[in-house]
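Below is one structure, written out as structure tokens, with a few remarks after it.
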Amino acid sequence: MNTFGHLFRVTTFGESHGPAMGAVVDGCPAGVPLSEGWVQQALDRRRPGQSAVTTARDEPDRVELLSGLYEGKTLGTPIAAVVRNQDQRSGDYAAVAKAERPGHADRVWRERFKHRDPRGGGRTSGRETLCRVIGGAVADALLAREVPALRVVAWVSQVERFVAPAPAAGLTRQGVDATPSRVPDGATAAQVEARILEAKAAGDSLGGAITVRCEGLPSGLGEPVFGKLKARLADALSGIGAVTGVVWGPADLEARLRLPGSQFHAPRADGHVSEVYGGIQGGLSNGEPLEARVLFKPTSTLAEVAKAGRHDPCILPRAVPVVEAMTSLVLADLWLAFLAGPHRP
């Protein structure tokens, strides 16, 4: 299962320490403005070596678009993209090849496939997510043309015990990128960054949560009964490595679940739908901002292996563009289904 999507599809390939990684995007309509620069901008937000709170692996992640474009627009044919690996240190994983990491895919992959690539985790490495970011960048280009009011923005909302206050509407990706931790609250960001550096020095790792918000989403996106927007997004987000759960709605949803239905379903004072639904009702977008929290467990490389190698002590900052990419891939796919179905706008 190396292909994601139905009408808008992305197939990823490559291993962490192989010659290259990449993606083939199929199903994107012709005439969508797209350039290597657009895709490169997305990859630069995910690339390693961005700051002291991420892995020190220094990969430029320069993308080459090999097909599917002419004169700055898509042709409607498959878009092939490749990124060459340049800074592998496979020797760092000699210990991992013999002593499998708890919580990682090392053991189960070996048991199922009888042969695996331990260098950097091979196909199970977080580096595979650069391929998803390529697909997400193409999806963003399509959505920018088709639904220009749509904004998909994710941010780090929790690391360990530190929980950031919810940002106001209108948050941009540039605003999120203003801090190395991608926590859009200065005070919380400073605490988070200090804690990540502390864990890194100790050979430890930290988990937390990323919140993704979609503003300007049209009403009615989704395919009931088995293609509900909520189900499709849960599938996409849960497929990111280290994700251990997806929760819809506001951060205080668990507290609100203690309320009776008369209070839980009460409309807001301005007459809009209650935000407790997370922007989805009956499996369809309801025109309200869609919001979900994606929960990440701490990374599995620990102790002396973590100190000797180049690993993210907390993957949350670099996972932000990956969460955005998977969200955009789902929205692009469902948008094409919406256009092709009996309920065209």
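The values are calculated or read from the model by the stated rules, or taken from the named source; none is laboratory data. Quick caveat, the model's predicted, so the values are computed rather than measured. For neighbour counting, all protein chains shown are included, and Cβ atoms are generated from backbone atoms with ideal geometry for every residue, glycine included. Note: areas computed on protein heavy atoms with side chains; ligands, DNA, RNA excluded. Shrake-Rupley method; radii C 1.70, N 1.55, O 1.52, S 1.80 Å.
Values computed for the structure shown
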quantity: Accessible area expressed per residue, the stretch 152-272, with surrounding protein chains retained (probe 1.4 Å, Å²); calculated: 49
quantity: Kyte-Doolittle mean at least 0.5, axial Cα span of 30 Å or more - DSSP H helices of the chain; calculated: 316-340
quantity: Stretch gain in nm, segment Ser67-Ser35, where the contour uses 0.36 nm per residue and the Cα spacing is subtracted; calculated: 10.4 nm
quantity: Gyration tensor (alpha-carbon) shape descriptor, the chain, a/c threshold 1.5; calculated: oblate
quantity: 9 Å beta-carbon shell around Ala81, net charge (K/R +1, D/E -1); calculated: -2
quantity: Arg47, Arg213, Arg62, Arg258, reordered so the largest accessible area comes first (probe 1.4 Å); calculated: Arg258, Arg62, Arg47, Arg213
quantity: Efficiency of FRET between Leu75 and Arg107 - r from beta-carbon atoms, R0 41 angstrom, step 0.05; calculated: 0.40
quantity: Within the accessible area of the chain (1.4 Å probe), percent carbon and sulfur; calculated: 56
quantity: Probe 1.4 Å, protein heavy atoms only - accessible area per residue of the stretch 19-71 in square angstrom; calculated: 43
quantity: Contour excess over end-to-end distance, with Cα ends at Arg84 and Arg161 and 0.36 nm allotted per residue; calculated: 24.0 nm
quantity: Chain lengthening between Phe13 and Ala194 when straightened (0.36 nm per residue, less Cα-Cα); calculated: 61.6 nm
quantity: Most mobile listed residue (His17, His115, His265) in the chain, GNM with C-alpha springs under 10 Å; calculated: His115
